[in-house]
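What follows is a short report on a single structure.
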Amino acid sequence: MQLPRTGLAVVGAGYWGPNLVRTALATRAVRLRWLCDLDAERARAVLGDQTTVRATSCYDEVLDDPQVAAVAIATPAATHFELVSAALAAGKHVLVEKPLTTSTAEAEKLIVLAREAGLVLMCDHTYCYTPAVRQVRDLISAGDIGEVQFIDSVRINLGLVQPDVDVLWDLAPHDLSILDFVLPEQVAPVAVAAHTADPIGAGRACLAYLSIWLSNDALAHVHVNWLSPTKIRTTVFGGSKQTVVWDDMNPAARLMIHDRGVDRLPADPLAPDERRQALISYRIGDARIPALAEREALMSVLAEFTGAIAERRKPLTDGTAGLRVLSLLEAASQSAECGGARVLVRKAGV
Ligand SMILES: NC(=O)c1ccc[n+]([C@@H]2O[C@H](COP(=O)([O-])OP(=O)(O)OC[C@H]3O[C@@H](n4cnc5c(N)ncnc54)[C@H](O)[C@@H]3O)[C@@H](O)[C@H]2O)c1
């Protein structure tokens, strides 16, 4: 039996919105009805002249349409709270781009609104829907890599200096949402320290180094940077048994699983003069490249969104996942303002 299509409106026809439009048009479970942007001409240009999808600059017109069951919002972060609140108040399910909002206080309000109205609130943490990150999550939850000991993430390139947010709020949501997605339930971030710089005088941080202490004594590190002429998108997930290297710029080997690591041997059976050398032993094993499905992340995002609506369940990256990312971002900004001091992460939850 085929489920009825979800009537969808996309809001925002700038850089990212057209990707949602393209994906919605390719998704059987969706009927794209509107593209809304303050600049209606831009929306029309994105849709082209052979479309039945309507363009508008009037958000109320979209929300008044009973055939619209859901909206996907790809506008600047500062507008998310208002647009998401209005959509939820109008009874629409919402998919909203990262970051969910610009503060945890706003995010908590949205989560409560969605819960009370029985509507889906999903955050587009796109990378969580890539086959590579799904695989890392499965490897960690199956215990294959052992205890997570470190995570090291580098996301640098010549990026667009954003007019409204610094590099932490622009790029780090990707790394932080991945961290949130792959870590086992019992491991959570406890504190952060962020060091930022603005060497070109842009008026906001253009590069940032973020350290995140985890509850199992592991440490994660994120480097985000708009000023790097080389593009690097690499994350190393270090475990007590195996280490996974995700290089998103290398389609032939996006994931490499190294059976290598450092073991600490029990000291007891050794004589005191043997201890120093024997305590640490290095395992040098094979590395393998797992086969990954070739599936565009945004297709999976929309499948998850429509699936959550049809099955009346929480999506994988729901409002609370967005809230946890915001807790980290807020702590990181606070730390950066205090010259990189260690700041405790507020426990997110409503
Ligand atoms: N998931 C990802 O990988 C990814 C990638 C890039 C951007 N994003 C996110 O997408 C969002 C948009 O980013 P962007 O780079 O496309 O921004 P952008 O500035 O290129 O486009 C934003 C568009 O929204 C429109 N807009 C602004 N306020 C509006 C309103 N109240 N009603 C209707 N339209 C409005 C603007 O006219 C503009 O066309 C941000 O939250 C950003 O973080 C996500």
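Numerical summary
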read-out: Pair list, Cβ < 6 Å and 6+ apart or interchain, from the stretch 124-151 residues that are of a type in the set (Val, Ile, Thr) to residues that are within 16 Å of the ligand (Cβ to nearest atom) and at pLDDT 95 or above; value: Thr126/Ala297; Thr130/Ala297; Val133/Tyr127; Val133/Ile178
read-out: Hits in the stretch 160-182 - residues which are open to solvent by 20 Å² or more (accessible area, probe 1.4 Å) and either of a type in the set (Phe, Trp, Tyr) or not in a helix (DSSP H, G or I) (or both); value: Leu160, Val161, Gln162, Pro163, Asp164, Val165, Asp166, Trp169
read-out: In the stretch 1-20, the residues that are away from the ligand (no atom under 14 Å from the Cβ) and either open to solvent by 30 Å² or more (accessible area, probe 1.4 Å) or among the aliphatic types (A, V, I, L, M) (or both); value: Met1, Gln2, Leu3, Pro4, Arg5, Leu8
read-out: Inter-residue pairs, beta-carbon under 7 Å, first within 21 Å of Asp198 (Cβ to Cβ) and part of a strand (DSSP E or B) and in the stretch 214-231, second open to solvent by 20 Å² or more (accessible area, probe 1.4 Å) and among the hydroxyl-bearing types (Ser, Thr, Tyr), 6+ apart; value: His221/Ser211; His223/Tyr209
read-out: Filter pass, Phe181 being of a type outside the set (Val, Ile, Thr) and over 15 Å from Val325 (Cβ atoms); value: no
read-out: Val71 vs. criteria in contact (Cβ under 8 Å) with a residue 40 or more places away in the chain and in a strand (DSSP E or B); value: yes
read-out: Identity of the residue in the stretch 91-115, of a type in the set (Asp, Glu) and within 16 Å of the ligand (Cβ to nearest atom), that ends up surrounded by the fewest Cβ atoms within 10 Å (Cβ to Cβ); value: Glu106
read-out: Residues that are hydroxyl-bearing (Ser, Thr, Tyr) and within 15 Å of the ligand (Cβ to nearest atom), drawn from the stretch 42-57; value: Thr56, Ser57
read-out: Count - residues of the stretch 42-68 that are free of Cβ contacts under 8 Å to residues at least 24 places away in the same chain, of a type in the set (Val, Ile, Thr) and assigned to a loop (DSSP other than H, G, I, E, B); value: 2
read-out: Wholly within the stretch 233-311, strands (runs of 3 or more DSSP E) carrying at least 3 residues that are at pLDDT 95 or above and under 29 Å from Arg155 (Cβ atoms); value: 243-247, 255-264
read-out: Per-region count, the stretch 21-41, residues in a loop (DSSP other than H, G, I, E, B) and within 11 Å of the ligand (Cβ to nearest atom); value: 3
read-out: All positions within the stretch 327-350 that are surrounded by 13 or more Cβ atoms within 10 Å (Cβ to Cβ), modelled with pLDDT of 95 or more and among the charged types (D, E, K, R); value: Glu330, Arg342
read-out: Any hit, the stretch 185-201, residues being over 23 Å from Ala341 (Cβ atoms), open to solvent by 20 Å² or more (accessible area, probe 1.4 Å), in contact (Cβ under 8 Å) with a residue 40 or more places away in the chain and touching a helix residue (DSSP H, G or I) at 6+ places or on another chain (Cβ under 7 Å); value: no
read-out: Conditions (1) more than 10 Å from the ligand (Cβ to nearest atom); (2) under 20 Å from Val120 (Cα atoms); number of the one not met by Val62; value: (1)
read-out: Meets criteria (in contact with a His (Cβ under 9 Å, 6 or more places away or on another chain) and without any contact (Cβ under 8 Å) to a residue 60 or more places away in the chain) for Glu106; value: yes
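The values are calculated or read from the model by the stated rules, or taken from the named source; none is laboratory data. What you see is a predicted model, and the numbers here were worked out from it, not measured in a lab. Neighbour counts run over all protein chains shown; Cβ positions are idealised from the backbone, glycine included. We work out accessible area using only protein heavy atoms, side chains counted, and drop any ligands, DNA or RNA first. Shrake-Rupley method; radii C 1.70, N 1.55, O 1.52, S 1.80 Å.
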